[in-house]
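Below: the structure, in structure tokens.
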Amino acid sequence: MLQLIPSTTPLRTFEDQLDTIRAVAVFPDRRRMITGSKDKTHRIWDLETGVVLKKMEGHSREVWALGVSRDGQIIASGDRGGELIAWHGETGGDENDSTIREWDPSNWQQVGHPWEGHTDDINTIAIDLTGTLVASASYEMHVRLWRLTDRQNIAIFEHSSSVYTVTFSVDGRHILSGGDDHKISEWEVPKGVYAKASFYS
């Protein structure tokens, strides 16, 4: 039987985050990654040089979840307090404020009013391939589906327990989620959501 020998020396380490790293995602260009930390910040890194390209602040609680759209133009992040932020652009609340906030990439100022929905920690986030929908999973036993164009919560999928992971199917027609109930649940994205998008037609 093959005996596995643990590797104790990484090829490289990226050091600059000030607290525990809870989330990481690689951009589609394969040249950058983004990390989220308990220090309430994100950092975008150059994967070749290891240099921090940008530090992003906006959350008021620890960042627990990250997602990057297929074109690299949207970053979605969720924190321990239930707040979800959609960051738009190429470069990349508190415990009782379970909202979604949108930010202008030219000055990183908040746009409009917060998006309301979640009431507890957001554990994971997924962005569909068109970059028009975001799914977020929370301790509150809900998966929520959001439309970025008008900032609306367009569907709620209720689990029997806390939800820790969520993703879209390849064709974008279904959402898969899992949690404390020890099973994967498949949900149908509401009909008509992609009616004006040619990606899945």
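By average Cβ neighbour count within 10 Å, what is the ranking of 137-144, 186-193, 160-167 from highest down?
Working: 137-144: 22.6, 186-193: 13.5, 160-167: 18.2.
Result, highest mean Cβ count within 10 Å first: 137-144, 160-167, 186-193.
Under the Karplus relation 6.51 cos²θ - 1.76 cosθ + 1.60, θ = phi - 60°, what is the ordered set of whole-Hz ³J(HN,Hα) values for the range 144-157, x standing for Gly and Pro?
Those phi angles translate into 10, 10, 10, 9, 6, 5, 10, 6, 9, 7, 9, 7, 10, 10 Hz.
Tell me, what is a quarter of the convex hull surface for the C-alpha atoms of the range 132-188, in nm² with one decimal? Don't jump to the answer; show the numbers that get you there.
On the way: hull surface 14.4 nm².
Answer in nm², one decimal: 3.6.
Any read-out appearing in this document is the output of simple, stated calculations on the displayed coordinates, not a laboratory observation. Remember, predicted model here, so these are calculated numbers, not experimental data. Cβ atoms come from the backbone with ideal geometry, glycine included; neighbour counts cover every protein chain shown.
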